[in-house]
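Chemist: Structure in structure tokens, see below.
The values are calculated or read from the model by the stated rules, or taken from the named source; none is laboratory data. Quick caveat: nothing in here was measured; it's all calculated off a predicted structure. For neighbour counting, all protein chains shown are included, and Cβ atoms are generated from backbone atoms with ideal geometry for every residue, glycine included.
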């Protein structure tokens, strides 16, 4: 079964301002309704249903297609960008030759996102909120 037209649920860390900014940005681009968003710190996140613990979800971005198939890490971004009608970003993030760099960069970010977010997050979140109005 192809995942191209399936809805994708993104599991994100709502305590991370940069993560919030990305989700807010994607929410504003979700005209086709192909994305759902679940904060892993909320009651909406059920690890037993998703098959991913909270600790795993904090260590890497997870997405889940409507058929239940999970994807994680850098692979989530091109799928989210495709559904948010951002073809240039989807293309860039799906390049096989860039995958090792994107995966490494994402792993560094995921491990340090709260420290990075303390510095960059508030400004980025304000910018995204201002553009969303």
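Chemist: Looking at segment 83-99, is at least one residue at pLDDT 90 or above, assigned to a loop (DSSP other than H, G, I, E, B) and touching a strand residue (DSSP E or B) at 6+ places or on another chain (Cβ under 6 Å)?
Modeler: Among the residues of segment 83-99, not one is at pLDDT 90 or above, assigned to a loop (DSSP other than H, G, I, E, B) and touching a strand residue (DSSP E or B) at 6+ places or on another chain (Cβ under 6 Å), which makes the answer no.
Chemist: Something else about it: How many residues does segment 61-91 hold that are at positive phi and within 14 Å of the chain's Cα centre (by Cα)?
Modeler: 1
Per-residue answers, yes or no, for (1) touching a helix residue (DSSP H, G or I) at 6+ places or on another chain (Cβ under 7 Å); (2) within 20 Å of residue 114 (Cα to Cα); (3) surrounded by 17 or more Cβ atoms within 10 Å (Cβ to Cβ); (4) touching a residue at least 12 places away in the same chain (Cβ under 8 Å):
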position	(1), (2), (3), (4)
56	no, yes, no, no
61	yes, yes, yes, yes
64	yes, no, yes, yes
67	no, no, no, yes
71	yes, no, yes, no
74	yes, yes, yes, yes
78	yes, no, yes, yes
87	no, no, no, no
90	yes, no, yes, yes
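Chemist: Just name the residue that is modelled with the lowest pLDDT out of those in segment 1-16 that are surrounded by 15 or more Cβ atoms within 10 Å (Cβ to Cβ) and assigned to a loop (DSSP other than H, G, I, E, B). Lay out the reasoning, then the answer.
Modeler: Step one: of segment 1-16, the residues surrounded by 15 or more Cβ atoms within 10 Å (Cβ to Cβ) are 3, 6-14, 16.
Right, trim to assigned to a loop (DSSP other than H, G, I, E, B) and you get 3, 6-7, 13-14, 16.
Details: 3: 67, 6: 92, 7: 96, 13: 90, 14: 89, 16: 86.
Here the residue is 3.
Chemist: List the number of the failed condition for residue 50; all other conditions in (1) surrounded by fewer than 18 Cβ atoms within 10 Å (Cβ to Cβ); (2) touching a strand residue (DSSP E or B) at 6+ places or on another chain (Cβ under 9 Å) hold.
Modeler: Only one criterion in (1) surrounded by fewer than 18 Cβ atoms within 10 Å (Cβ to Cβ); (2) touching a strand residue (DSSP E or B) at 6+ places or on another chain (Cβ under 9 Å) is unmet by residue 50, namely (1).
Chemist: Continuing with the same structure: Just give me the residues in segment 115-133 being under 18 Å from residue 59 (Cβ atoms) and surrounded by fewer than 13 Cβ atoms within 10 Å (Cβ to Cβ), in sequence order.
Modeler: 115
Chemist: Is there a residue being buried (at least 18 other Cβ atoms within 10 Å of the Cβ) and more than 14 Å from the chain's Cα centre (by Cα) anywhere in segment 92-114?
Modeler: no
Chemist: Limited to segment 17-60, what total is found for residues that are over 12 Å from the mean Cα position of the chain (by Cα) and either part of a loop (DSSP other than H, G, I, E, B) or under 25 Å from residue 85 (Cα atoms) (or both)?
Modeler: Here the count works out to 17.
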